[in-house]
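The values are calculated or read from the model by the stated rules, or taken from the named source; none is laboratory data. The structure displayed is predicted, hence computed values, not measured ones. Cβ atoms come from the backbone with ideal geometry, glycine included; neighbour counts cover every protein chain shown. Heads up: the accessible areas ignore ligands, DNA and RNA and are worked out on the full protein's heavy atoms, side chains in. Shrake-Rupley method; radii C 1.70, N 1.55, O 1.52, S 1.80 Å.
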Amino acid sequence: MSESAPVPEVATSENPTEIPAADLPKIYRAMVLARVVDERCLTLQRQGRIGFYVPLQGQEAAQVGSAWALDPEDWIFPAYRELAVALVRGVPVKLLLDQFIGNSGDVLKGRQMPNHYGYREFRFVTASSPVGTQISQAVGAAMAARWKGEEIVTVTYFGDGTTSSNDFHAGLNFAGVFKAPTIFFCQNNQWAISLPRDRQTKSETLAVKATAYGFPGVVVDGTDVHAVYRAVREARARALAGEGPTLIEAQVYRLGPHSTSDDPRRYRTDAELALWKEKDPLARMKHELLAAALLTEDDDVALWETTRKEVVAAFEAAEATPPVDPLTMFDDVFAERTPALEAQRAEFEESQKAGTGKS
Amino acid sequence: MTELTIVQAINRGLAEAMRADPDVLVLGEDVGVNGGVFRATEGLHKEFGADRVIDTPLSETGIIGAAIGMALYGLKPIAEIQFVDFIYPAFDQIVSELAKFRYRSGGQYPCHVVIRSPYGGGIKGGLYHSQSPEAYFAHTAGLKVVIPSTPSDAKGLLTTAIHDPDPVLFLEPKRIYRAVSGEVPDGEHRVPFGEARIAREGSDVTLLAYGAMIPTCTQAAETLAASGVQAEVVDLRTLVPLDEAAILASVEKTGRVVIVHEAPRFCGYGAELAALLAEKAFFSLKAPVQRVTGYDTPFPYALENLYLPSAERIVHAARAAVAAG
Ligand SMILES: Cc1ncc(C[n+]2csc(CCOP(=O)(O)OP(=O)(O)O)c2C)c(N)n1
Ligand SMILES: [Mg+2]
C-alpha cells in the first residue's frame, strides 16, 4: 500500500447499492489507515509535535462507507472530523500531516488549525470551525451543478450537535424547496462536546427532522459499512433522478475525546464507552473479512504493521518539510494585495530583517 | 484578598453574584456539567443546579435570544459564547435586538444581558479561535464593551457588568487566563465602568491598550526603561464607555502615543483612539500617533507569533515616536 488510502473505482457491481466484494479489503485498509493516522496524531499532539487534533475513532465505517459510495466528481463539504473521508478521496497522508504541522507543504499555507484542511483537487472543500456553515453551502453548490447540467451530487458532513445550528435549518429548508441534489450526512456520534444527543433536541431521531422539510430522512447503523454505503447510494440515485435531497443519520460513537483539549471523563461514563467499544467498526469489518476468507489473521497483523510504518515515514517527511514562508501571511486576503496590505507586508519584511518583529 | 488567575477570578465573580442574587443565572454551551471548555463555570452546576447553570443546545442565536427573553422578564442572565469567534450566528440578536431594545421601546424594555466570551490569539487557535472582534461591537450603539487584563479587574468588572442596567459584552483575554495571577478582593468587589487604569507610570510615551496586550506593553515598557525611555501603560478596561479624561491626561504628560491591539488595524478600535487624539490632544502631541496591531489579514495559525503585536514591535514604535519629537 502506498501512503494514500485505496480509492474507490466507480461502483460497477450488478446491484449498485451493494459494495462490490473486491472492494471490501480496500475499505478495511482505508479504515485501518484512518485509525493509524488517528492514533499517531493523538500521540504526536501529546508530544507537542502537532498543536491540536480532532480524533475520529468510532466513525470510520460511517466515513469510509459514505465516501466509497460517491463518484470522484461529487463535491464534499466536510466539518473538521472527516479524516477518513479525505483519505478515501485520495488525499495523501503526508499532505494531511503537512496541514497538521502548518508547514510549507500545506496547501492551506499554514493558516488553519489542524483538521481544517481542504483540497480543491479532491473536491473536498476547505473546512472552517463555526459549525454548520458548510450545510447551506453544499446546497448552493448542488443547485449550481444542476444549473450547469452536471451529473454530480454534493455531500455535507456534520454532527448531531450541529443540527441545532442556523445553517442546518437554512440548508435543509433550501434543499427541500429547490430539490437540490444534496446528501446531508449527519454523523450522530452521541455527543457534542459534553452535551449528549438527547439534550440537543427532543426529536426522537435526527433523521426525522427531514420530514418537516419535505424530504426523506433515514437512520443507519454507522458502524456497518454496508448499511451506510447502501443509504448513500440510494440517496445519490434519488438526487440524480431529480427527486431531491436526503438526510442520513449515521449512528456512531465518538470513542475518543472531542479534541485533544477535551477530557470526556468529566461528562460521560466508562460503562457507556465500554458498551460502544464492543461495536468498534474496525473489529466488525475485520470479523466480516475473516469470515469471508478475504483476510487472514496474519494478513491483518502485516497490514497494521506496514500501515504504521508508512504513517511514521509520512510524518517524518512532513516534519522535515520547511516551515511556511512568513511573507505568505499577506497573500490570498484578496486576489491581489491592496496598497494597504502591500505597505504592511513591506513593513513586516523590514521588521523581520531588523529583528524587531519577533515576539 | 486571595491570589487567583483571571479565569479563577471570573469563576469567583460568577459564583458570588449567583449566591447573592437568585435572579442571576448562566447559560451556554458546555457550561454546566463540563464547567466550560476553559473551566470558567467550574463547580457552578454542582452548587446552583441545572436550572441556573444551563447547558444549551448548540445555537448561539438561541443562547442570546433566550437570554434577552429572560432579561425582559426580569432575570439577570449571563450568557457564555464558547469562543468569541462563534458569536456571529448571534450577531443579529446582539446588534438588532439586545443593543436596541431599550431605545426602540422608548425605555420600556431595558435589556440587561451579560455576554462573556474568550477572545484573542496566542493559543494556536488559527482563524476561528483567535479573533478580536471588539470593534464590531463597540461600533454598535447600546452595547457596553469590557475587557479586563488582571484577575482583580476580571472579578471587579464582571461584578459591575452583572449589576449594570445595560447589555455588556465582557471579553476575556484567554491567552492570559492562567498566565498571570494576582490578589483579588474577597466578597463584593466592583470596578466602575469608564475608568482606565494606569498599569505603569511613565513620562515619555503613552501605550494605550487593553486585555492580553497589557502584559506585552508592560514588557515593552521595561525594555524601553533600560534605554531611558519611560513609557506609561494605560489599560482602558472598558472600551465603551471610554475614559477619555485618563487618555488625554496621559498624553498631555507624554506627548507621544502608541496604540496597541491584536485586532486588524483597519477600522480597529485604535482608529477611534487615534481620532480622539486628533480631535482633543492635537496640541499635546509631539509625534505622529503610532499603531501596533494585527495585520489586515485573517488570523493565521502557523505564523501567529509574527502576526500578534510583540513587545519588540511596540518598543520599535515607541522609539520611533520618541525620535520624531
Ligand atoms: C458556531 C459554533 N459554536 C460553537 C462551536 C464550538 N464547538 C466546536 S465543536 C462543538 C460540538 C459539535 O458537536 P457535533 O455537531 O455533534 O459534532 P462532533 O464534534 O461531535 O463531531 C462545539 C460546540 C463551534 N465550533 N461553532
Ligand atoms: Mg457529535
Q. Can you tell me which residues in the stretch B:277-302 are open to solvent by less than 20 Å² (accessible area, probe 1.4 Å) and of a type in the set (A, V, I, L, M)?
A. B:L277, B:A281, B:A287, B:V292
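Tell me the residue from A:G110, A:G105 that is within 14 Å of chain B (Cβ to nearest Cβ), small (G, A, S), more than 16 Å from ligand 1 (Cβ to nearest atom) and surrounded by 24 or more Cβ atoms within 10 Å (Cβ to Cβ), please.
On the way: A:G105 fails: surrounded by 24 or more Cβ atoms within 10 Å (Cβ to Cβ).
Sole residue among the options that is within 14 Å of chain B (Cβ to nearest Cβ), small (G, A, S), more than 16 Å from ligand 1 (Cβ to nearest atom) and surrounded by 24 or more Cβ atoms within 10 Å (Cβ to Cβ): A:G110.
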Q | Hits in the stretch B:16-39 (condition: within 15 Å of ligand 1 (Cβ to nearest atom) and not in a loop (DSSP other than H, G, I, E, B)) | A | B:L27, B:G28
(Q) Between A:E297, A:E350, A:E342, which is away from chain B (no Cβ under 14 Å) and farther than 26 Å from A:L96 by Cα? (A) A:E297
Q) Which ones in the stretch B:230-278 are more than 20 Å from B:H316 (Cβ to Cβ) and either charged (D, E, K, R) or part of a strand (DSSP E or B) (or both)? A) B:D235, B:R237, B:T238, B:L239, B:V240, B:D243, B:E244, B:E252, B:K253, B:E272
Q) From the list B:G142, B:G106, which residue is over 27 Å from B:S310 (Cα atoms) and either in contact with a Pro (Cβ under 8 Å, 6 or more places away or on another chain) or β-branched (V, I, T) (or both)? A) B:G142
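So, of the residues in the stretch A:118-132 that are more than 14 Å from every other protein chain (Cβ to nearest Cβ) and open to solvent by less than 30 Å² (accessible area, probe 1.4 Å), which turns out to be nearest to the chain's Cα centre (by Cα)?
Narrowing the stretch A:118-132 to residues more than 14 Å from every other protein chain (Cβ to nearest Cβ): A:119-125.
Okay, now just the ones that are also open to solvent by less than 30 Å² (accessible area, probe 1.4 Å), so A:119, A:124.
Details: A:Y119: 12, A:F124: 9 Å.
So the residue we want is A:F124.
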Q) Mind checking whether some residue in the stretch A:330-349 is open to solvent by less than 50 Å² (accessible area, probe 1.4 Å) and either within 28 Å of the chain's Cα centre (by Cα) or among the acidic types (D, E) (or both)? A) yes
Q. Is it the case that the stretch B:226-243 has a residue that's buried (at least 22 other Cβ atoms within 10 Å of the Cβ) and either of a type in the set (G, A, S) or within 10 Å of chain A (Cβ to nearest Cβ) (or both)?
A. yes
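Please count how many residues of the stretch A:30-78 are under 30 Å from A:P181 (Cα atoms) and within 14 Å of the chain's Cα centre (by Cα).
Of all residues in the stretch A:30-78, those under 30 Å from A:P181 (Cα atoms) come to A:30-31, A:34, A:54-78.
Cutting the leftovers down to within 14 Å of the chain's Cα centre (by Cα) gives us A:30-31, A:34, A:54-68, A:70, A:75-78.
Result for the stretch A:30-78: 23.
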Q: Kindly indicate which of A:A302, A:A318 is part of a helix (DSSP H, G or I), touching a Gly at 6+ places or on another chain (Cβ under 9 Å), more than 12 Å from chain B (Cβ to nearest Cβ) and among the hydrophobic types (A, V, I, L, M, F, W, C).
A: A:A318
Q) For A:L95, are the conditions met, namely being at pLDDT 95 or above, more than 25 Å from A:S165 (Cβ to Cβ) and within 16 Å of the chain's Cα centre (by Cα)? A) yes
Q) Which residue out of A:A79, A:A84, A:A62 is within 16 Å of ligand 1 (Cβ to nearest atom), out of contact with any helix residue (DSSP H, G or I) (no Cβ under 6 Å at 6 or more places or on another chain), within 21 Å of A:L247 (Cα to Cα) and of a type in the set (A, V, I, L, M)? A) A:A79
Q) Among the residues of the stretch A:128-149, is there at least one that is farther than 28 Å from A:Q47 by Cβ, out of contact with any helix residue (DSSP H, G or I) (no Cβ under 7 Å at 6 or more places or on another chain), within 16 Å of ligand 2 (Cβ to nearest atom) and of a type in the set (S, T, N, Q)? A) yes
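Looking at the stretch B:161-181, which of its residues are in a helix (DSSP H, G or I), open to solvent by 30 Å² or more (accessible area, probe 1.4 Å) and over 17 Å from B:A67 (Cβ atoms)? Break it down into steps so the answer makes sense when it comes.
Kept after step one, since they are in a helix (DSSP H, G or I), are these residues of the stretch B:161-181: B:161-163, B:174-176.
Still in the running and open to solvent by 30 Å² or more (accessible area, probe 1.4 Å): B:163, B:175.
Residue satisfying the conditions is B:R175 alone.
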Q | Failed item in (1) more than 14 Å from chain B (Cβ to nearest Cβ); (2) within 16 Å of ligand 2 (Cβ to nearest atom), with A:H287 passing the rest | A | (2)
